[in-house]
């Protein structure tokens with residue numbers, strides 16, 4: 001062997017030992033890392049592999065109304081699981097379980113032969129069925145409690161509350177919006193098992209308790225919610241509307257007091273209803289508001305100094321805007337009127353004029369400031385932003401239409417929030433459904449305080465506009481919203497629905513308002529979508545619903561009515577004005593009883609007009625302050641005015657009424673007025689009781705009232 005060969009072999013052996021040393025060192029370091037440095041971690045992982053957990057749901061927090069009344073609670077329900085490796089007879093066990101649980105035995109057997117540590121057989125099992133299975137003591141079958149959501153008031157506030165799923169998770173409504181507050185933290189039942197999944201005798205077994213969720217207190221008041229839903233159901237039956245929506249809020253804080261829509265559903269059995277029934281259209285749907293949007297036009301015009309309440313306008317029945325004609329709802333127009341009267345009459349021509357005077361840039365600034373065209377940030381999922389036409393595409397025709405509520409889409413929430421800003425001194429508040437979250441031990445987790453968004457108009461403008469809106473209820477188209485003893489402000493709306501790029505025959509009737517005017521406590525918006533009773537005017541269909549809700553809500557809230565004179569001898573006498581009495585609401589009462597009540601209780605005279613046994617309408621209107629001895633005209637023959645046959649309607653009796661009363665009454669029955677003269681109606685053509693097609697013109701001659709008659713100088717107002 002050569003010297004060179006020996007040296008080479010020695011080098012190879014040396015490298016071999018060096019490589020072996022390096023590998024040994026690496027193995028030693030790896031062993032040190034696994035056994036010493038990470039020993040605790042891997043011991044825990046090994047233990048976790050042997051510990052098979054069964055989840056234990058936390059109690060989902062209770063949802064309560066503002067006064068603590070329960071609206072959504074969690075109740076315990078047994079859930080059944082299986083450990084497949086411990087089931088000795090999968091087929092027999094499946095048959096037994098299927099018989100008791102009323103399920104498919106094949107489906108259960110497939111679960112029992114899965115290669116899994118645990119499988120769910122059924123969750124939220126009836127107590128009787130769970131007890132029957134427990135008695136059998138089936139190998140490999142276990143039980144654990146899981147929370148089940150229960151809504152004790154069934155449909156009440158269903159759209160607000162939403163629903164929770166089988167795994168204790170929120171799916172819709174407040175349930176999903178505040179899921180992180182409500183759901184809590186799951187617990188576990190763990191036991192040590194071998195590689196085959198069988199429990200190790202004497203092994204580790206422990207229970208990790210769940211952490212219950214927090215309770216939520218809503219701004220909703222259960223009683224006001226009940227009042228709203230009662231009137232919503234009644235209105236749906238009376239108007240035969242396709243959909244109905246009512247929203248009630250606290251104007252000062254933005255708190256939602258009640259929110260309801262129809263169609264609706266029962267959250268305890270939500271799976272039985274179509275998904276559309278669960279949609280909260282008050283928040284997530286937009287519509288063209290019609291004349292209720294005039295509150296925004298009025299606010300902008302008054303704030304910018306474009307108009308004052310006493311400014312005079314002349315309405316010939318139309319206004320020409322570029323190459324188009326914008327027409328008033330009243331044929332022949334309203335003639336000369338102040339801005340306050342134009343608002344009472346809901347005159348499209350006047351509001352189109354104001355929109356044009358404002359111009360696109362200024363008008364859009366206020367529209368956006370009131371919250372339209374963007375979300376308001378209510379704590380509820382799926383809030384819509386409505387729809388504004390791009391400002392660059394808005395010309396004079398578009399701005400004229402927008403000024404009276406056409407060509408703009410809003411949500412009911414946006415519209416009522418805008419009214420709240422007017423009632424609240426010009427400050428727009430963020431709407432809110434939840435007031436606070438409370439831990440299981442009663443401690444406060446978080447409080448959600450009222451949040452101003454921005455000052456939209458000045459306090460002076462808001463106060464002045466509130467008085468104009470009060471006049472709409474006292475003297476104008478919103479008279480059916482009057483509440484004796486309370487000052488009410490509001491606005492009617494009758495919007496045409498766009499269909500295939502043009503306005504069709506379908507309507508949306510609405511009314512929104514607040515009370516009391518001097519210290520607003522509640523605001524309400526009522527919407528009837530596609531009413532089907534022959535008429536669709538918001539003042540006729542929606543205002544009475546508003547009146548019923550606000551009247552009962554104010555009584556429930558213990559808001560005192562205006563003081564009655566201590567010296568008053570008759571009901572309705574006004575404090576400080578003992579010679580004036582408030583005319584009672586007699587509509588719907590038997591004629592004989594109404595006349596008797598007027599004479600004995602109020603010192604007023606009654607004069608019957610028409611035939612019938614029930615009072616259908618009256619002049620002066622309910623709530624009007626008139627001198628003792630004033631004659632109240634009771635109209636008895638209006639019951640069939642709204643029931644046209646083959647498109648015909650009955651011409652009402654008009655003589656003896658003011659021009660404003662005649663205009664409102666004819667519009668309500670779908671007829672148009674051609675006025676001659678001024679004062680009190682003395683002649684009409686066609687005569688009362690005549691059947692004419694809807695939309696026909698009725699010629700009415702007016703003359704000044706003779707001295708001494710109601711409405712003549714010195715005799716007090718013939719109507720408020």
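No value in this document is a laboratory result; all are computed from the given coordinates. All values derive from a computational prediction rather than experimental measurement. Note that each Cβ is placed from the backbone with ideal geometry, even for glycine, and that neighbours are counted across all protein chains shown.
Observations
- Mean separation of Cα contacts under 8 Å (6+ apart) over length of the chain, as relative contact order %: 10 percent
- Tensor-based shape of segment 80-127 (alpha-carbon gyration tensor, a/c under 1.5 rounded, otherwise prolate or oblate): oblate
- Packing here is the average count of other Cβ atoms within 10 Å per residue, and on that basis the peptides 480-486, 20-26, highest first, run 480-486, 20-26.
- Relative contact order, percent, segment 417-554 [alpha-carbon distance under 8 Å, six or more residues apart]: 19 percent
- Compared with the dominant principal axis of the Cα atoms in the chain, helix 659-668 is inclined by about 40°.
- A simple spin-label model places the labels of residue 13 and residue 117 5.5 nm from each other, with each point 7 Å out along Cα-to-Cβ.
- Shape category assigned to segment 52-217 from the gyration tensor of Cα positions, a/c cut at 1.5: prolate
- Here the spin labels are modelled as points 7 Å beyond Cα on the Cα-Cβ line, and at residue 311 and residue 613 they lie 5.3 nm apart.
- Per residue, the chain reaches -9000 deg cm²/dmol at 222 nm when only DSSP H runs of four or more residues are counted, each adding -39500 (n - 2.57).
- The ranking of 108, 100, 113 from fewest to most other beta carbons within 10 Å of each one's beta carbon is 113, 100, 108.
- To the nearest ten degrees, helix 412-423 and the longest principal axis of the Cα atoms of the chain are 60 degrees apart.
- Separation of segment 124-175 from segment 444-483 is 44 Å, based on Cα centroids.
- Degrees separating the helix 459-475 axis from the principal Cα axis of the chain, which is the longest one: 60 degrees
- With neighbour counts taken as other beta-carbon atoms within 10 Å, the residues 454, 657, 589 rank, fewest first, as 454, 589, 657.
- Mean separation of Cα contacts under 8 Å, 6 or more apart, over the residue count of segment 122-193: relative contact order %: 18 percent
- By average C-beta atoms within 10 angstrom, highest first, the peptides 530-543, 262-275: 530-543, 262-275
- Estimated inter-spin distance, residue 506 and residue 467, nm [label 7 Å along Cα→Cβ]: 4.2 nm
- Full extension of the chain segment joining residue 25 with residue 682 gains 224.7 nm, where the gain is 0.36 nm per residue of separation less the Cα-Cα distance.
- Applying 1/(1 + (r/R0)^6) with R0 = 51 Å to the Cβ-Cβ distance of residue 320 and residue 375 gives a FRET efficiency near 0.85.
- When all alpha carbon pairs of the chain are counted in 20 Å bins from zero, the resulting P(r) reads 15, 37, 23, 14, 7, 2, 1, 0 %.
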